[in-house]
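One structure is given here, and the rest of the page talks about it.
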Amino acid sequence: QVRVEESGGGLVQNGGSLRLSCTTSGSIANFDAMGWYRQAPGKQRELVGTITRGGTTDYEDSVKGRFTISRDNAKNTMTLQMNNLKPEDTAVYLCHGLLAYLNVWGRGTQVTVSS
């Protein structure tokens, strides 16, 4: 069974930084694309950003210039570097991988930004 698992969440002050990691159980190179989503209390899940097998990235407008997604095929890890965090970034962040037609989700990691 293919799995992805997030790590690195926590509490940070307004303007601070955090780095989230997503590790795959198999080779990350097998995934057609991967991405990060987030869900705040009482809100719908929203896409934060994606990265293709070739390394092309795309981001939701509110995080452009602040968040960076990268992947390390040797470590089977995708990373979300989050800088200049704001209270509105507070949410559970989930890792997603697209493997052929299979959507693989992690359980999520909490990010809380205090004002």
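Observations on the structure shown:
- Here Ser115 fulfils each of the conditions (1) out of contact with any Cys (no Cβ under 6 Å at 6 or more places or on another chain); (2) within 22 Å of Val2 (Cβ to Cβ) apart from (2).
- Summed over region 88-111, residues that are within 11 Å of the chain's Cα centre (by Cα) and part of a loop (DSSP other than H, G, I, E, B) total 2.
- Residues located in region 88-112, provided they are open to solvent by less than 60 Å² (accessible area, probe 1.4 Å) and polar (S, T, N, Q): Thr90, Thr109, Thr112
- Restricting region 11-65 to residues that are small (Gly, Ala, Ser) and not in a loop (DSSP other than H, G, I, E, B), the residue that is surrounded by the fewest Cβ atoms within 10 Å (Cβ to Cβ): Ala29
Residues are listed down the side, and each one gets a yes or a no for (1) among the aliphatic types (A, V, I, L, M); (2) closer than 17 Å to Gly8 by Cα; (3) in contact with an Asp or Glu (Cβ under 7 Å, 6 or more places away or on another chain):
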residue	(1), (2), (3)
Met34	yes, no, no
Gly65	no, no, no
Arg71	no, yes, no
Lys75	no, yes, no
Asn84	no, yes, no
Glu88	no, no, no
Val92	yes, yes, no
His96	no, yes, no
Thr109	no, yes, yes
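- Residue check for Leu85: part of a loop (DSSP other than H, G, I, E, B) and open to solvent by less than 60 Å² (accessible area, probe 1.4 Å): yes
- Checking each residue in region 64-112 for being within 25 Å of Val2 (Cα to Cα) and basic (Lys, Arg) picks out Arg71, Lys75, Arg107.
The values are calculated or read from the model by the stated rules, or taken from the named source; none is laboratory data. All values reported here derive from a predicted model rather than from experimental measurement. Cβ coordinates were reconstructed from backbone atoms using ideal geometry, including for glycine residues, and neighbour counts include every protein chain displayed. Heavy atoms of the whole protein, side chains included, go into the accessibility calculation; ligands, DNA and RNA do not. Shrake-Rupley method; radii C 1.70, N 1.55, O 1.52, S 1.80 Å.
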